[in-house]
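Below you'll find the structure, written out as structure tokens, and then a few comments.
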Amino acid sequence: MLEIQRLRTDTEAVIKGLEGRHFANAREIVNQLLELDEKRRALLTEMEQNKHAMNQASKSIGALMKTGKREEAEAAKAESASLKALIKEQEQQVQDVETARFDLLVTLPNINHPSVPVGKSENDNATVSTNDIKVAFDFDALPHWELATKHNIISWELGVKLTGAGFPVYIGKGARLQRALITWFLNKAQEAGFEEVMPPLVVNEDSGFGTGQLPDKEGQMYHVTEDNIYLIPTAEVPITNLYRNVILKEEDLPIKHCGYTPCFRREAGSYGKDVKGLNRLHQFDKVEIVQISHPDKSYETLEVMINYVMGLLDELGLPYRQLLLCTGDTGFTSAKTYDMEVYSAAQGRWLEVSSVSNFETFQANRLKLRYRGEDNKTQVAHTLNGSALALPRIMAALLENNQQADGSIVIPEVLRPYTGFDKIG
RNA sequence: GGAGAGGUGGCAGAGUGGUCGAAUGCGGUGGUCUUGAAAACCAUUGACCUUCACGGGUCCGGGGGUUCGAAUCCCUCCCUCUCCGCCA
């Protein structure tokens, strides 16, 4: 959520930022918000003056009664009572305006950082860097969904039987590879200073609002209606919400956490290659890294985080490219996002395996996540997070890129201590 | 699922209708003392909104009500704890 303050003082920049995101009617909506804001403050001032008068009158009654000045007390009572009705009316007005302002304000996406390229869609994203790993086959390479079936390490049918499409069952070496990746990712994150957290996998509405999933993307989450809780779409939600309504000390920053969780996403998928095999699932595993940063440091931190993710991919030996998402492709809550994509030679396409974002104060405003600065004043912190990493597409790329002419799949060196085997098949 | 208790400032915990944003203790911060530390003592110490400022307003789990006036009374919702039941 953007600060209303920012709309007031930085109006043109906000409008420009929203337009860069192709947010419809940016100018009208911002103006509407400013009008509501002005109206709110005018009403508030007026109401508070009345409240002050009423409070004075009420306070005097007690004293007057004690000293036996009954008549004056009665007069004060009458004054207070007459103000009461007026105040009640004004309270309702303030409430209405506030609600309208809030409802409109939460529909605004974050404003992009100036370094984000202007663009419309994913075609306008900028490639920032790549590594020089190349994968080529001199035989007919199989896509991972065929490899998985061939080696009986993932069953799509059993997942359908148990639950439905998008819920695969990992079996034998498939399950162990999965577990190895999780452990390795967590160990690496810990080495990099991220403290591990094991949060609940379902969260309440407040948490969903805090990180920006609610009220907007309600349909993306599985909702347990009987208890009104939501299955988490990412560990970002519970981990970041640990700090909802928290005032940190400045010296506590940065806060660094990592966590492994399954992630649940309803997203009604499209058909074909995009969602085949592990490419898009309703349940998948992910290790997430989260930071709460001092505003002055958050962009520095973003670079450190994306570099950390690239280091993981280098160690796994996967070819990647680092993308800087353009204004049109950046997520609703983010000010700047890097995506990491891994090249899957057998599918001949890039697979997104990580997304690292700086939300600046967008989430922190909703979370009321602040720190106390030098002057002892509370200030809103910055939040960041990134996948490090999402498992399924890493799995897909490993299976596909590491397949050999004899049909076996070689496990990367770094994972072998965790898998206990060096190849599949 | 059944029965009961309770939700007050960073924490503990008073406060049952009027000067209570709230005693007291602990913790935090600053100071005195000390070579230093501890102890002791003194002072200070909530958040938010609004205002150029002075100031004003709101907040005792959330919402609503009674009253001139509510932390205090009533209604309602939420949450936590204890016991029983069930159970990895």
Problem set entry | Among A:397, A:73, A:165: highest mean-square fluctuation, GNM of chain A, C-alpha pairs under 10 Å | A:73
Problem set entry | Candidate aspartates and glutamates - alpha carbon under 17 Å from residue A:84, same-chain residues fewer than 8 apart omitted | A:46, A:48, A:74
Problem set entry | Selected from A:158, A:147, A:351 as most flexible by GNM, with chain A as the system and alpha-carbon contacts under 10 Å | A:158
For this session: Towards the positive end of the charge dipole of region A:1-122, with charges on Cβ (+1 Lys, Arg; -1 Asp, Glu), say which of A:29, A:57, A:5 has the farthest Cα.
Result: A:57
For this session: Determine the alpha carbon to alpha carbon distance for each of A:16/A:217; A:39/A:77; A:276/A:368 and list only those over 29 Å.
Result: A:39/A:77; A:276/A:368
Exercise. Roughly what would the spin-label model give for residue A:266 and residue A:332, points 7 Å off Cα along C-beta, in nm?
Worked result: 1.3
For this session: Quick one: accessible surface of residue A:422, probe radius 1.4 Å, all protein chains present, in square angstrom to the nearest 10.
Result: 80
Seminar exercise, completed: Connecting every pair of Cα atoms under 10 Å apart in chain A and solving the GNM, the largest mean-square fluctuation among A:146, A:226, A:157 falls on A:226
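For an R0 of 41 angstrom, estimate the FRET efficiency from the Cβ-Cβ distance between residue A:375 and residue A:84 and round to the nearest 0.05.
Values: r = 40 Å, r/R0 = 0.97.
Plugging the Cβ-Cβ distance into 1/(1 + (r/R0)^6) gives 0.55.
Just the number, please: carbon plus sulfur as a percent of the accessible area of chain A, 1.4 Å probe, no ligands or DNA/RNA counted. Intermediate values should be presented prior to the final figure.
On the way: 9930 of 20280 Å².
So the carbon and sulfur contribution to the accessible surface is 49 percent.
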For this session: Divide by every residue of chain A the summed helix terms, -39500 (n - 2.57) for each DSSP H run of at least 4, and state the resulting mean residue ellipticity at 222 nm, rounded to the nearest 500 deg cm²/dmol.
Result: -13500 deg cm²/dmol
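I need to check one value: relative contact order of region A:331-394, counting alpha carbon pairs closer than 8 Å and at least 6 residues apart, in percent.
Value for region A:331-394: 32 percent.
To the nearest 0.05, how large is the calculated FRET efficiency for residue A:122 and residue A:91 if R₀ is 56 Å and r is the Cβ-Cβ distance? Provide the component values of the computation, followed by the final result.
On the way: r = 48 Å, r/R0 = 0.85.
So the FRET efficiency works out to roughly 0.70.
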For this session: Select from A:417, A:130, A:325 the residue farthest towards the positive end of the dipole of region A:122-424; place +1 on Cβ of Lys and Arg, -1 on Cβ of Asp and Glu, and compute about the Cα centre.
Result: A:417
Seminar exercise, completed: Computed over chain A, protein heavy atoms only, probe 1.4 angstrom, the accessible area per residue in square angstrom equals 48
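When the dipole is taken about the Cα centre of chain A, and only Lys, Arg (+1) and Asp, Glu (-1) are charged at their Cβ, what size is it in debye, to the nearest 20?
Details: 47 positive and 59 negative charges, 140 e Å.
Result for chain A is approximately 680 debye, rounded to the nearest 20.
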For this session: Round to the nearest 10 and report in Å² the accessible area of residue A:176, as given by a 1.4 Å probe over the protein chains' heavy atoms.
Result: 100
For this session: Averaging sequence separations of C-alpha pairs under 8 Å and six or more residues apart, then dividing by the length of chain A, give the relative contact order as a whole percent.
Result: 19
For this session: Would you mind listing how long chain A runs along its three principal axes, going by Cα atoms, in whole Å with the largest first?
Result: 103, 43, 42
Exercise. In nm, to one decimal, how far is the residue A:107 label point from the residue A:55 one, both placed 7 Å along Cα→Cβ?
Worked result: 3.6
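Starting from 0.36 nm per residue, how many nanometres of slack lie between residue A:70 and residue A:206 once their C-alpha separation is accounted for?
Values: separation 136, 0.36 × 136 = 48.96 nm, distance 5.02 nm.
Between residue A:70 and residue A:206, full extension yields an extra 43.9 nm.
The values are calculated or read from the model by the stated rules, or taken from the named source; none is laboratory data. What you see is a predicted model, and the numbers here were worked out from it, not measured in a lab. Heads up, the Cβs are rebuilt from the backbone with ideal geometry, glycines too, and the neighbour counts pull from every protein chain shown. Note: areas computed on protein heavy atoms with side chains; ligands, DNA, RNA excluded. Shrake-Rupley method; radii C 1.70, N 1.55, O 1.52, S 1.80 Å.
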